[in-house]
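These notes are about the structure you will find just below.
The values are calculated or read from the model by the stated rules, or taken from the named source; none is laboratory data. None of the values given here were measured: they were computed from a predicted structure. Using ideal geometry, Cβ is built from the backbone for each residue, glycine included, and neighbour counts are taken over all protein chains shown. Calculation scope for accessible area: heavy atoms of the full protein, side chains included, ligands and nucleic acids excluded. Shrake-Rupley method; radii C 1.70, N 1.55, O 1.52, S 1.80 Å.
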Amino acid sequence: MTAPPEVATPSPEGVDDASVIERSWHEPERFGAIFDAYFAEIHRYVARRLDVHVADDIAAETFHAAFRKRRTYDLTRGDARPWLYGIATNLIGRHRRDETRKYRALARLPIDGGATGHEDRVAARVSAQQQVRGPLADAVAGLPAKQRDVLLLVVLAELSYEEVAQALGVPFGTVCSRFNRARKKLREALGGTNPLRDEERTR
């Protein structure tokens, strides 16, 4: 996949994403500023959920899709991040089996193993106890897809509940419900330990 439209000169300071996207309706090259601002972030999110090689394609496809859909963007939303994460999450949905296999593999890793990166990021964010890596990964693998999406948008993308609602196009209450169900399942898998206490304090 190639990058979307030619990279534009960065937008002037103080111009929000909605303004850039609106201008890109008639000046397509302007959309390059959105690509510049968020490609690396979206790529990291996809890589953490799947793998860096798949992330190359999915991140590029995310921005191609965003460019094609830019005229449908809600201009009342100044920040395009939730919109882009929503597109990326939908594309990740095509790789559910790969993601589940990855978590199952992480669950089998020795607690003191040398693996770093994605699994350490998840463990660090959802629990201060490194020894729960195995059961934690197994529990995440067992979550229904919609609950996993909400959990990882909060944990990995660090979106607020409201931003997750925007990203997935669902009501705020639905995000809260899915997150709480995911939290309950993780707690049960960890023998009653609450792996999301930090998230509860900040959301």
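Below, the figures for the structure above:
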item: Any pair with Cβ under 6 angstrom, 6 or more apart, that starts in region 134-149 at a residue that is under 9 Å from TYR103 (Cβ atoms) and ends at one that is surrounded by fewer than 16 Cβ atoms within 10 Å (Cβ to Cβ); result: ALA141/ARG104
item: Test: residue in region 61-80 that is modelled with pLDDT under 95 and open to solvent by 40 Å² or more (accessible area, probe 1.4 Å); result: no
item: Some residue of region 21-38 being at pLDDT 95 or above, open to solvent by less than 40 Å² (accessible area, probe 1.4 Å) and within 17 Å of LEU156 (Cα to Cα); result: yes
item: Residue under evaluation GLY117, criteria (1) modelled with pLDDT of 80 or more; (2) surrounded by fewer than 19 Cβ atoms within 10 Å (Cβ to Cβ); (3) within 21 Å of the chain's Cα centre (by Cα), criterion not met; result: (1)
